[in-house]
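Shown next, in structure tokens, is the structure this report addresses.
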Amino acid sequence: MVGLKEELLKSIWHAFTALDLDRSGKVSKSQLKASVLSHNLCTVLNVPHDPVALEEHFRDDDEGPVSNQGYMPYLNKFILEKVQGNFDKVEFNRMCWTLCAKKNLSKSPLLISDEDAFKVWVIFNFLSEDKYPLIIVPEEIEYLLKKITEAMGAGWQQEQFDHYKIALNTSREGLSAWELIDLIGSGQFSKGMDRQTVSMAINEVFNELILDVLKQGYMLKKGHKRKNWMERWFVLKPNIISYYVSEDLKEKKGDIILDGNCCVEALPDKDGRKCLFLIKCLDKTFEISASDKKKKQEWIQAIQTTVNLLRAGSPPPHKEARQKRKELRQKLLAEQEELERQMKELQAANENKQKELETVRKQLEAAAARAAEEEKKRLQTQAELQDRFSLELEREKMVRQKMEEQVAQKSSELEQYLQRVRELEEMYKQLQEALEDEKQARQDEETVRKLQARLLEEESAKRAELEKWHLQQQQTIQMTEAEKQELENERMIKEQALQVAMQQLKQLELERKEAREQYEEVKKKLETAANNTKSWKDKVAHHEGLIRLIEPGSKNPHLITNWGPAAFTEAELEQRQRSWKGKKGTSE
């Protein structure tokens, strides 16, 4: 009943939408026209009409019968739910066609008659989609045109229809009933065919799709009482075979009710009759004679197929094919929607990825800018450090050069002084008292020289260590960025060590100054001793001439140096060494 209800609704929809609308969208004289439409529907559908129910239904409805909320609930409740199927479908469709055709049918001349247009309109309602406004999709248009072309005995022009389908798909989803009538009536796909051939083809397709005529034609039937053979027009439908006097279907002679218990059998020729076959039912058996063997085989196969469908409870082939085509379109549409959904998801994911990549790109650009800035700062700092270290190194080189020049000068002066001292020692060995001061001065000078040499060695070692640290620091600067922090820490440690070394160097400078002061004191003592020696030499030369003074020696053992007896005793030398070591420990 649901399928029947849908088929009825499509025809009623055409009649309902053909009512005259006013500017507000409501039907003018709506209740009267709705009442007339309802009365006609009840008449053709064999349903009792209740005008009171219609009046009660629209009493409080401001939208009017034209709205789906107004007329459709009434139609479902009071008319369609009461339909039993005992009505003439053609008469029902013709009533709906009469209400809508005059307003919607094209005024331009067509190659088909109004009756053929009516049949095309009914076929449209059968093949159209179950959604409103009603349209027929290109696949069903192709199916219908193929059926009409085959019925005309012409060849199907697939390429021509493909071009038409492409042009149609670019503008809309399908055609309305009136556009389909214009397409078939224009003769675009039936060129070379006359009106009668096209009309016969439309009628054949109408009989198959709408009237469920699976096969029809003239055959001979044997009577049950007189046993005579009479020519009848047989019409095979899904559950019945009706036979008429002629093909105009005006005088019906009987029906053969088919069910799953029926069967059809071929019979041998007998009594001068050929191409015989037998239809067995529960209560009767029918003997039929076809015009030839081909017709006989076609009718046997068609009847057997119908019986098999009844046993399986399947719908007629054309309805089953239509349902399969709809299911296939729905499946393709669902797949297309799923594909579009996936494409949208992929597009959204792609956009998100693009946004993420853009964010990452911006972050990388910011990181690169920061890295470039840090690298610029690092290079600037490195250049500043190199300049600073270069200046310090140049300064240290100059200081060392000056110190070396001073040491060389002092060494030269010391050599000259020692030479004079050796000459004095050779000349005045006997002058013991005067030479004691000279020996003491030479011992002090030796200690100071050793101290100065040791200070110079320590200073050289410190400078070598500073140069080594400087080289290591240059190597540290050339290391990779990953080791930068660690090298920076080491550099800080080395800078601290460098500061400690600089402090030690300053301490050595102080000690050198102290040694210099001691050296000056020794020098003064030597000058005093030399003056004393010279005065003694003058006195001796003046009074006694060049004589050798002999004096008693010291009770303490004498220290012998490279230049002769030392000017310091061993006890004095040990005291001076302890004093020097104490100063050195304090400086460290």
Self-check item: Using θ = phi - 60° and Karplus 6.51 cos²θ - 1.76 cosθ + 1.60, couplings along segment 125-140 (whole Hz; Gly, Pro as x)
Solution: 4, 6, 9, 6, 6, 8, 8, 10, x, 5, 9, 10, 7, x, 5, 6
Quiz item: What does the charge dipole of the chain about its Cα centre add up to, to the nearest 20 debye, if the Cβ of each Lys and Arg holds +1 and the Cβ of each Asp and Glu holds -1?
Solution: 3260
Quiz item: Under a plain spin-label model, where a point goes 7 Å from the Cα along Cα-to-Cβ, how far apart in nm are L339 and E457?
Solution: 9.5
Practice problem: Using a 1.4 Å probe and counting only protein heavy atoms, arrange T98, T476 so the residue with the most accessible area comes first. | Solution: T98, T476
Quiz item: For M502 and V407, what does the FRET efficiency come to when R0 = 22 Å and r is the distance between their Cβ atoms, rounded to the nearest 0.05?
Solution: 0.60
Self-check item: In Å², nearest 10: area of Y243 left accessible to a 1.4 Å probe
Solution: 20
Self-check item: Residue-span extension gain [M200 to E327] - 0.36 nm each, minus C-alpha spacing
Solution: 42.7 nm
Practice problem: Pairs to check: K506/K583; K10/K103; K468/K581; K221/K252; K10/K250; K103/K319. Give those whose C-alpha atoms are more than 19 Å from each other in this structure. | Solution: K468/K581; K10/K250; K103/K319
Quiz prompt | Net charge, T528 excluded, C-beta distance under 11 Å - Lys, Arg +1, Asp, Glu -1 | solution = 0
Practice problem: Please turn the phi angles of segment 338-354 into ³J(HN,Hα) values with the Karplus equation 6.51 cos²θ - 1.76 cosθ + 1.60 (θ = phi - 60°), one per residue in order, whole Hz, x for glycine and proline. | Solution: 5, 5, 5, 4, 5, 5, 5, 4, 5, 5, 5, 4, 5, 5, 4, 5, 4
Practice problem: Please report, in debye to the nearest 20, how large the charge dipole of segment 299-447 is about its Cα centre when each Lys and Arg carries +1 at its beta carbon and each Asp and Glu carries -1 there. | Solution: 3420
Quiz item: Per the 1.4 Å probe, what fraction of the accessible area of the chain, in percent, lies on carbon and sulfur atoms?
Solution: 51
Practice problem: State the extension gain, in nm to one decimal, for the chain segment bounded by R420 and A312, taking 0.36 nm per residue of separation less the distance between their alpha-carbons. | Solution: 24.2 nm
Quiz item: Given R₀ = 51 Å, FRET efficiency for D292-R172 by Cβ-Cβ distance, to 0.05?
Solution: 0.60
Quiz item: Accessible area per residue of the chain at 1.4 Å probe, in Å²?
Solution: 62
Practice problem: Using a Förster distance of 45 angstrom, determine the FRET efficiency expected from the C-beta separation of N104 and T359, and round it to 0.05. | Solution: 0.15
Quiz item: Can you put H163, H318 in order of accessible area, largest first, using a 1.4 Å probe?
Solution: H163, H318
Self-check item: With Cα atoms, 0 to 90° folded angle of helix 570-587 axis to the chain main axis
Solution: 20
Quiz item: Hey, what do the phi angles of segment 294-302 turn into as Karplus ³J(HN,Hα) couplings, whole Hz, using 6.51/-1.76/1.60 and θ = phi - 60°, x for Gly and Pro?
Solution: 5, 4, 4, 5, 4, 5, 4, 5, 5
Quiz item: Hey, if you put +1 on the Cβ of every Lys and Arg and -1 on every Asp and Glu Cβ in the chain, which of Q432, N531, L249 ends up farthest toward the positive end of that dipole?
Solution: L249
Quiz prompt | Cα→Cβ-extended label distance, 7 Å offset, between A372 and E320, nm | solution = 7.6
Quiz item: Net charge near Q160, counting Lys/Arg +1 and Asp/Glu -1 over other residues with Cβ under 13 Å of its Cβ?
Solution: 0
Practice problem: Tell me the label-point distance for the pair E481, K227, using the 7 Å Cα-to-Cβ offset, in nm and rounded to one decimal. | Solution: 11.5
Practice problem: Would you compute, for the Cα atoms of segment 125-284, the largest minus smallest coordinate along each principal axis and list the three values in descending order, in whole Å? | Solution: 64, 35, 28
Self-check item: Degrees, to the nearest 10: 432-477 long Cα axis against longest axis of the chain
Solution: 10
Quiz prompt | Estimated [θ] at 222 nm from DSSP helical runs (n ≥ 4, -39500 (n - 2.57)) normalised by residues in the chain, nearest 500 | solution = -23000 deg cm²/dmol
Quiz item: Taking the structure as given and computing Cα Rg over 2.2 N^0.38 Å, which label from [x] 2.36; [y] 1.04; [z] 2.66 fits?
Solution: [z]
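The values are calculated or read from the model by the stated rules, or taken from the named source; none is laboratory data. Note that the coordinates shown come from a computational prediction; the quantities given were computed from them, not determined experimentally. Every residue, glycine among them, receives a Cβ derived from its backbone with ideal geometry; neighbour counts consider all protein chains shown. Side chains included, ligands, DNA and RNA excluded: accessible areas come from the protein's heavy atoms. Shrake-Rupley method; radii C 1.70, N 1.55, O 1.52, S 1.80 Å.
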